[in-house]
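Accompanying notes for the structure given below.
The values are calculated or read from the model by the stated rules, or taken from the named source; none is laboratory data. Fair warning: this is a prediction, and the values are worked out from it, not measured in the lab. Don't worry about glycine lacking a Cβ; one is built from the backbone with ideal geometry, like all the others, and counts go over all protein chains shown.
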């Protein structure tokens, strides 16, 4: 190949890469699952909760304060159910995106509908919803940098409806 053709190809490749980086089009998706031991250690209370309204849990570059009055507690799980519950959460495949851009990326993430609240020693809490996660400031972060991970609707709805609302309720009535 001649030098002129190689130069043109290199310029085109460089222009495409520059365009991708400058417009934020490099949106890479990653898979994420919770680690069983990290969720289970020091767990003192677990609840199935419901947000009647969309609640902001992550704004710009940090977690927002989420009051317990922002949601309704549907069910409090017994300590005997903790292992089963955490195992089911650890089996849910979540996804999250990372935008590779030159400028800083800010984000807003919200939760509505059903979620799981896991309370730990020293007043720390993680709320896991289909569209986002919230954690108190004293909780360490999991694999992704921000709250914006999500589960596929079908998987999350199956987790809530078929497993939690029916399996745990029937187990506790026996």
Item to check | Inter-residue pairs, beta-carbon under 8 Å, first on the phi < 0 side of the Ramachandran plot and assigned to a loop (DSSP other than H, G, I, E, B) and in region 19-45, second exposed (fewer than 13 other Cβ atoms within 10 Å of the Cβ) and modelled with pLDDT of 80 or more, 6+ apart | outcome: 33/93
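Out of all the residues in region 85-107, which are modelled with pLDDT of 85 or more and either surrounded by fewer than 15 Cβ atoms within 10 Å (Cβ to Cβ) or on the phi > 0 side of the Ramachandran plot (or both)? Please lay out each step first, then the result.
Here is the first cut: in region 85-107, the ones modelled with pLDDT of 85 or more are 85-93.
Within region 85-107, 87, 91, 93 qualify.
Before we move on, is residue 72 over 18 Å from the mean Cα position of the chain (by Cα), surrounded by 12 or more Cβ atoms within 10 Å (Cβ to Cβ), more than 15 Å from residue 120 (Cβ to Cβ) and at pLDDT 90 or above? Even if it seems obvious, please write down each step before you answer.
On the way: over 18 Å from the mean Cα position of the chain (by Cα): yes; surrounded by 12 or more Cβ atoms within 10 Å (Cβ to Cβ): yes; more than 15 Å from residue 120 (Cβ to Cβ): yes; at pLDDT 90 or above: yes.
For residue 72, the condition - over 18 Å from the mean Cα position of the chain (by Cα), surrounded by 12 or more Cβ atoms within 10 Å (Cβ to Cβ), more than 15 Å from residue 120 (Cβ to Cβ) and at pLDDT 90 or above - is met.
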